[in-house]
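Down below is the structure, laid out as structure tokens.
The values are calculated or read from the model by the stated rules, or taken from the named source; none is laboratory data. The structure displayed is predicted, hence computed values, not measured ones. Methodologically, a virtual Cβ is constructed for each residue, glycine included, from the backbone with ideal geometry; neighbour enumeration extends over all protein chains shown. Side chains are part of the model used for accessible areas, which takes the heavy atoms of the whole protein and leaves out ligands, DNA and RNA. Shrake-Rupley method; radii C 1.70, N 1.55, O 1.52, S 1.80 Å.
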Amino acid sequence: MNSANPILSGTVVLKADELGRIEITERDGVRVIRRDVAAARWWARAFARRAAAREARALRKLHGIDGVPALLGWDGRELLRGYIAGAPMQQAQPRDRAYYKQALRLLAVLHRRGIVHNDLAKEPNWLVREDGRPALVDFQIAWTRGRRGALFRLLAREDLRHLLKHKRTYCPEALSVRQRAILDTPAPHARLWRATGKRLYKLIARRIFGYWDNEGQGRVRD
Ligand SMILES: Nc1ncnc2c1ncn2[C@@H]1O[C@H](COP(=O)(O)OP(=O)(O)O)[C@@H](O)[C@H]1O
Ligand SMILES: [Mg+2]
């Protein structure tokens, strides 16, 4: 949810759904982002915990990268990430070609460390920092097992393609010929997904979760 609801002084809920709650809060005087898995609905809790554990694993491997939040704690119930000042893509609408150049570089660094993000079609997972540079959040469905052949390369290319879709929306004049070619050739699983799975997913998301694309006005480009 996009509108922030203050519930306690110093704590603001950014998002709450079946899988838990995301808040901005403070620990030892430092601003942190807290993912509360205990706040997930009972039937979703095991899944939410696995997803948070995956995120912790990814953030550990990405430690020290500028543009990825620091992992400050994970105890099986709450995951703490360093706060990154800025706004999500759907609000900030980055139209500057430097943003995409830096975002491409950030993706390359991720992939070199053997991590694929897998959820980059969602604008809310891209941040625009106060100085205009990109940052990435939400590694819950990331591939964290290192660079392993063809599947890794396919998923890494999908990460890239999703970034280029955002670039096409906000800064199309800066797309290169090669980037346009990548946009025109989604991976086979993405084509299959568009043809079948997406409709099914929307149905399930609406029926069970009561939403489709619940993160504010953030569009999902896939
Ligand atoms: N480290 C961070 N710094 C600043 N904002 C963040 C940070 N992590 C998450 N957010 C904000 O909170 C939102 C929800 O977090 P996210 O990890 O994407 O949760 P979810 O898995 O529920 O989508 C993000 O879209 C972003 O706007
Ligand atoms: Mg997210």
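For the reader, a short list of remarks on this structure follows.
- Segments 62-73, 146-157 sorted - mean Cβ within 10 Å per residue, highest first: 62-73, 146-157
- Cα-based Rg of the chain normalised by 2.2 N^0.38 Å, two decimals: 1.00
- Integer Hz, Karplus 6.51/-1.76/1.60 couplings in order for segment 151-164, x for Gly and Pro: 5, 4, 5, 5, 5, 4, 5, 5, 3, 4, 4, 5, 4, 5
- Heavy-atom accessible surface of segment 86-209: percent carbon and sulfur, 1.4 Å: 55 percent
- Accessible surface of Thr196 - all protein chains present, 1.4 Å probe, nearest 10 Å²: 80 Å²
- Solvent accessible area, Å² - Tyr170, 1.4 Å probe, full protein context: 10 Å²
- Probe 1.4 Å, accessible area per residue of segment 5-82, Å²: 54 Å²
- Backbone phi angles across segment 139-150, fed through the Karplus curve with coefficients 6.51, -1.76 and 1.60 (θ = phi - 60°), yield HN-Hα couplings of 9, 5, 10, 5, 8, 10, 9, x, 7, 10, x, 5 Hz in residue order; Gly and Pro are listed as x.
- Charging the Cβ of each Asp and Glu at -1 and of each Lys and Arg at +1, and nothing else, the dipole of the chain about its Cα centre rounds to 1060 debye.
- Segment 5-82: radius of gyration over Cα atoms, expressed as a fraction of 2.2 N^0.38 Å: 1.08
- Arg27 paired with Ala98, simple spin-label distance in nm, labels 7 Å along Cα-to-beta-carbon: 3.3 nm
- Overall, the anisotropy analysis places segment 86-209 in the rounded class: the square-rooted eigenvalues a ≥ b ≥ c of its C-alpha gyration tensor yield a/c less than 1.5.
- Remark: accessible surface ordering of Arg133, Arg194, Arg105 (largest first) is Arg105, Arg194, Arg133, probe radius 1.4 Å.
- Net charge, Arg97 excluded, C-beta distance under 10 Å - Lys, Arg +1, Asp, Glu -1: +1
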